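Chemist: First the structure, then my questions, so here it is.
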Amino acid sequence: MAAATACALVCAAATLAIRQRRRHGHLPRVGPPAHAPSIVLEKRIAAAPAGLYARGDGGLYALPADAIFDGFEAFAASEAALAGFRARGYVLIRGGFTPATTDAARAELEALIKEKSPAVASVYYEGEARRLLVVAGHDVEQQQQQQQQQQNWKQKLHLGSVARALPDALAAAPARWKLVRKVMGFLHSGYPALLATAEQRGLVRAAEAICGGAVSLFQDMAMVKPPAGREKPWHQDHAYFNIALEQPVLGVWVALSEVTEHNGCMVVAPVPPSARGPRSHFMRRDWQICDSEVTAGRLAGARTPVPMRPGDVLLFDSLLAHGTDTNRSADHRWALQYHFKNAGCRSTADDVPRLVVFGGEGRGATC
Ligand SMILES: O=C(O)CCC(=O)C(=O)O
């Protein structure tokens with residue numbers, strides 16, 4: 001009890017200090033990357049089972065009108081908004097960002113992924129990029145697979161192979177940007193319109209309301225899904241964070257282009273808070289919820305695609321199960337994703353408590 005009180009006092013003091021700094025316009029967020037970006041070559045993954053991202057139960061769970069708000073002001077002004085967010089685990093903010101902001105951010109993102117060494121933490125390439133690495137009879141991919149077999153359990157949890165620099169064959173390919181799937185840690189990359197999306201007042205206020213006080217932005221990612229770009233299997237974001245389960249964590253997904261069921265929109269499975277606890281995750285095509293949990297049972301019935309227009313923003317709870325399908329269109333799907341937590345509370349470097357809660361295999365669960 002004494003320890004809990006001390007923790008509450010420390011969190012409150014930290015929150016107050018951060019609130020004071022925010023009055024001067026400073027939103028705590030991840031620092032600049034300390035080195036050139038890590039280059040992650042994703043694995044090539046098998047196709048998802050048919051229907052994994054289809055609407056559940058004949059449209060029963062189509063987006064309800066009261067989960068949709070016209071702008072952040074409408075969300076802030078509604079008495080019922082927060083209660084609705086907590087009950088469903090998400091809300092959709094239509095037109096959260098203006099067309100001018102959205103267009104500028106998207107143009108900057110496209111410029112960023114064309115750079116050879118942008119000032120970001122990491123750039124992820126689709127597994128398809130591996131075909132560019134078989135150069136002059138020297139199969140880099142096979143070499144990397146051999147290295148992976150010698151890795152320890154923690155390295156094996158990584159979803160692809162990581163290099164410190166762009167492999168020569170990729171650096172020499174002008175169209176390599178077309179295979180970029182994700183960029184992490186772009187806020188210090190010198191692109192003002194991208195940065196502005198993270199600091200938009202309406203967004204930060206909504207995050208503060210949901211996280212119960214001043215917030216810090218602890219993760220920023222650009223989610224680029226090129227034509228044929230891979231699915232992101234079903235998961236709960238909290239399964240990726242070393243943050244105590246009782247801490248509220250807010251996911252923010254911003255559409256920078258038209259996003260549809262055809263090009264890989266977010267598909268969420270809203271269930272009541274009592275059924276929204278941590279789910280077992282398994283290392284399969286990704287660190288993910290077992291497909292069978294989403295093709296049958298409660299999550300299957302609740303599957304709800306969330307098509308969005310450029311500038312729309314999805315706010316979602318880190319325990320809301322969600323995923324995105326392969327991009328079956330001929331065009332890129334562009335999006336940003338942020339995560340906020342209460343600024344007074346910390347994440348740790350220790351993966352073990354998280355794996356105890358979310359790790360299916362360790363808990364003896366099967367998939
Ligand atoms: O943008 C996507 O395709 C999926 C994003 C997502 O759910 C995640 O990275 O947690």
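Bear in mind that the values in this text are calculations on the coordinates, not laboratory data. Owing to the predicted nature of the structure, the values given are computational and were not obtained by experimental measurement. Please note: Cβ atoms are built from the backbone with ideal geometry, for glycine as well, and neighbour counts cover all protein chains shown.
Chemist: For every other residue with a beta carbon closer than 12 angstrom to the beta carbon of Phe282, add +1 if it is Lys or Arg and -1 if Asp or Glu, then tell me the sum.
Modeler: It works out to a net charge of 0.
Chemist: Order of Tyr191, Tyr240, Tyr125 from fewest to most other C-beta atoms within 10 Å?
Modeler: By the 10 Å Cβ count, ascending: Tyr240, Tyr191, Tyr125.
Chemist: Which shape class applies to the range 56-137: rounded if a/c is under 1.5, otherwise prolate when a/b exceeds b/c and oblate if not, where a ≥ b ≥ c are the square roots of the Cα gyration tensor eigenvalues?
Modeler: prolate
Chemist: Once you put a point 7 Å from the Cα of Arg298 and another 7 Å from the Cα of Glu199, both along the Cβ direction, what distance in nm separates them?
Modeler: Spacing of the two 7 Å Cα→Cβ label points: 4.2 nm.
Chemist: For Ser78 and Ala54, calculate 0.36 nm times their separation in residues minus their Cα-Cα distance, and state this gained length in nm to one decimal. All intermediate terms of the calculation are to be shown ahead of the outcome.
Modeler: Numbers: separation 24, 0.36 × 24 = 8.64 nm, distance 3.10 nm.
Full-extension gain reported as 5.5 nm.
Chemist: Given labels modelled 7 Å from the Cα in the Cβ direction, how far is it in nm from Cys367 to Ala111?
Modeler: Inter-label distance under the simple model: 4.0 nm.
Chemist: Rounded, prolate or oblate: pick one for the range 215-367, where a ≥ b ≥ c are the square roots of the eigenvalues of its C-alpha gyration tensor, a/c under 1.5 means rounded, and failing that, prolate if a/b is larger than b/c, else oblate.
Modeler: The shape class here is oblate.
Chemist: For the residue pair Asn242 and Ser274, what label-to-label distance in nm results when each label sits 7 Å from Cα along the Cα-to-beta-carbon direction?
Modeler: Result for the modelled spin labels: 3.5 nm.
Chemist: Taking the Cβ of Thr101 as the centre, find all other residues whose Cβ is under 14 Å away and add up their charges (Lys, Arg: +1; Asp, Glu: -1).
Modeler: Local charge sum for Thr101: -1.
Chemist: Related question: For the range 311-367, rounded, prolate or oblate, judged on the Cα gyration tensor with a ≥ b ≥ c (square roots of eigenvalues), a/c < 1.5 rounded, else prolate if a/b > b/c?
Modeler: Values: a/c = 2.86, a/b = 1.37, b/c = 2.08.
It is oblate, given that a/c is not under 1.5 and a/b is not larger than b/c.
Chemist: Return the Cα extents of the range 29-85 along principal axes one, two and three, sorted largest first, each rounded to a whole Å.
Modeler: 45, 39, 17 Å, listed from the longest principal axis down.
Chemist: Subtracting the Cα-Cα distance from 0.36 nm times the residue separation, let me have the gained length for Asp70 to Ser122 in nm, one decimal.
Modeler: Here the answer is 15.3 nm.
Chemist: May I pose another question? Using 19 Å as the cut-off for backbone N distance, which residues of the range 306-326 belong to the label zone defined by a point 7 Å from the Cα of Ala100 along Cα→Cβ?
Modeler: Output list for this probe position: 310-312.
Chemist: Hey, quick one: spin label on Ala87, modelled 7 Å out along Cα-Cβ, who in the range 196-212 has an amide N within reach, i.e. under 17 Å?
Modeler: Answer for the range 196-212: none.
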